[in-house]
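Participant: The structure that follows is given in the form of structure tokens.
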Amino acid sequence: MNMKKSWIILIVIVVVLGIVYLSVKGTYNNLVSKSENVDAQWAQVENVYQRRADLIPNLVEVVKGYASHEKETLEGVVNARAKATSVNVDASNLNPQTMASFQNAQEGLTSALSRLMVVVERYPDLKANQNFLELQSQLEGTENRITVERQKFNNTTRDYNTLIKSFPKNFYAGMLGFSPKPYFEALQGAETAPKVSF
């Protein structure tokens, strides 16, 4: 009888350990999968920002041919591009500080491009130039892609953050080193429409 009781206890312990193992394994694999999805989506965000950065030198060259005395504006765009491309954020190191640094650099480039487009309005010949029109169209398309990819990144990040904060996965996430990832957020002042005057 004692031997039978020992076997039952051993079987119960093995079953409980098996359940715990499968639970931890399944949760860990799910956390890894969601984290990799966030990293992959971050790479796509960087990809579209890089596409924008790659278009800028050609755009500056076309504008320079028509508006060479707008040197300050052109230099501002080139400098903003250099700053934006120098801020590299590794997907495994996404945190609110690195995200804010990346967003600020990209916003600086967006502002410089906006100033350039205001300058372009003064040059009807430039606005009619086929190369400029094509580059402007590609840039607008890229800006749309940036918006789409940022939204996808936020959605993917939300799925991941929800998973690591939900019970009981939050215990496993903490023990296994998974922490929340930051979102793209509107920068301060973005709620106020910019004033444009000609």
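The values are calculated or read from the model by the stated rules, or taken from the named source; none is laboratory data. Quick caveat: nothing in here was measured; it's all calculated off a predicted structure. Counting neighbours? That spans all protein chains shown, and the Cβs are built from the backbone with ideal geometry, glycine included.
Participant: So, in the range 59-90, of the ones that are of a type in the set (Gly, Ala, Ser) and closer than 14 Å to residue 127 by Cα, which residue ends up modelled with the highest pLDDT?
Facilitator: Within the range 59-90, the match that is modelled with the highest pLDDT is 65.
Participant: Continuing with this model, one more query. Sort through 132, 153, 171 and tell me the only one that's assigned to a helix (DSSP H, G or I), aromatic (Phe, Trp, Tyr) and farther than 30 Å from residue 31 by Cβ.
Facilitator: Only one candidate passes the filter, namely 132.
Participant: Would you point out the residue of the range 89-123, among those that are part of a loop (DSSP other than H, G, I, E, B) and touching a residue at least 24 places away in the same chain (Cβ under 8 Å), that is nearest to residue 46 (Cα to Cα)?
Facilitator: Out of the qualifying residues, it is 89.
Participant: Let me ask another. Only one residue in 32, 89, 38, 62 is surrounded by fewer than 17 Cβ atoms within 10 Å (Cβ to Cβ) and either on the phi > 0 side of the Ramachandran plot or not charged (D, E, K, R) (or both). Which one?
Facilitator: 32
Participant: For the range 47-54, indicate whether the set of residues that are at negative phi, modelled with pLDDT of 90 or more, buried (at least 17 other Cβ atoms within 10 Å of the Cβ) and polar (S, T, N, Q) is non-empty.
Facilitator: No - not one qualifying residue is present in the range 47-54.
Participant: Sticking with this one: Answer yes if at least one residue in the range 15-28 is modelled with pLDDT of 90 or more, part of a helix (DSSP H, G or I) and surrounded by 14 or more Cβ atoms within 10 Å (Cβ to Cβ), and no otherwise.
Facilitator: Among the residues of the range 15-28, at least one is modelled with pLDDT of 90 or more, part of a helix (DSSP H, G or I) and surrounded by 14 or more Cβ atoms within 10 Å (Cβ to Cβ), which makes the answer yes.
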